[in-house]
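Asks: The structure's right below; bear with me while I get my questions together.
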Amino acid sequence: MKIAPSILSADQMNMGRDVKAVSEAGADLIHVDIMDGHFVSNITFGMGIIKALKAVTETPLDVHLMIDHPEPYLPIAVENGADMVLIHAEATPHIHGAIQTIHNLGAKAGVVINPGTPVDSIIPVLSIVDQVLIMTVNPGFGGQKFIKEMTKKITHLDQLRQTNSDYSFEIEVDGGVDDKTVGLCKDAGADIFVAGSYVFGGNLEERIKSLRVE
């Protein structure tokens, strides 16, 4: 399993310090939420944060674009250092082409679905994505309560993966992940676990270790 601390919960005035610290504490990925104030009601970071983080850590950057019509921003994200670019199925009518664009730019590509979006809606792109992110809260703000019903979607996705040799994606979960909910997600079939407020709310190394359930 991979742990991806979300910088949404880091100290915004000491971002470089916190990213270095969480990388040294054992993070497998750094999750970067970029929100535009339109697709979700919150605004977080501009694309420049990707380049800034790339300069202070060698931990791969897992960049989650919560923005409408993300296509114009894909080259900027990859050029700035995104290792994985995740885009919402709900944000563009051209999700297949957008995934292809990310790959053509040289990065890994993932598709994200909100709690109200069914897994079956992304079946047409499952053979070309490296990652599928299941939102286990409604996106926009950190610190929300985990929606337990989303584990059914994780299980459904894992079953599709196991029965189709064309699928090789990893399953990521984001929202309300802590030492109590991580096991539910892992048992359902998830591989990557985004945790923000839980990881940054205590000793980084201890919190990351507590998420690595057997």
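Derivation of every value follows stated rules applied to the coordinates shown; laboratory data play no part. Since we're looking at a predicted model, the values are computed, not measured. Glycine also receives a Cβ, built like all others from the backbone with ideal geometry; neighbour counts cover every protein chain displayed.
Asks: Of all the strands (runs of 3 or more DSSP E) wholly in region 122-214, which have at least 1 residues that are out of contact with any Gly (no Cβ under 7 Å at 6 or more places or on another chain) and surrounded by fewer than 20 Cβ atoms within 10 Å (Cβ to Cβ)?
Replies: Because the criterion is at least 1 residues that are out of contact with any Gly (no Cβ under 7 Å at 6 or more places or on another chain) and surrounded by fewer than 20 Cβ atoms within 10 Å (Cβ to Cβ), the strands (runs of 3 or more DSSP E) in region 122-214 that meet it are 170-174.
Asks: Show the residue pairs meeting these rules: Cβ distance below 8 Å; 6+ apart or different chains; first residue within region 145-156 and farther than 14 Å from I113 by Cα; second residue of a type in the set (D, E, K, R).
Replies: Partner pairs satisfying both residue conditions: F146/D178.
Asks: Among the residues of region 1-20, count how many are surrounded by 18 or more Cβ atoms within 10 Å (Cβ to Cβ) and either closer than 21 Å to G183 by Cβ or not acidic (D, E) (or both).
Replies: 9
Asks: Restricting attention to region 62-91, which residues are more than 15 Å from the chain's Cα centre (by Cα) and either within 17 Å of S41 (Cα to Cα) or of a type in the set (A, V, I, L, M) (or both)?
Replies: D68, H69, P70, L74, I76, V78, E90, A91
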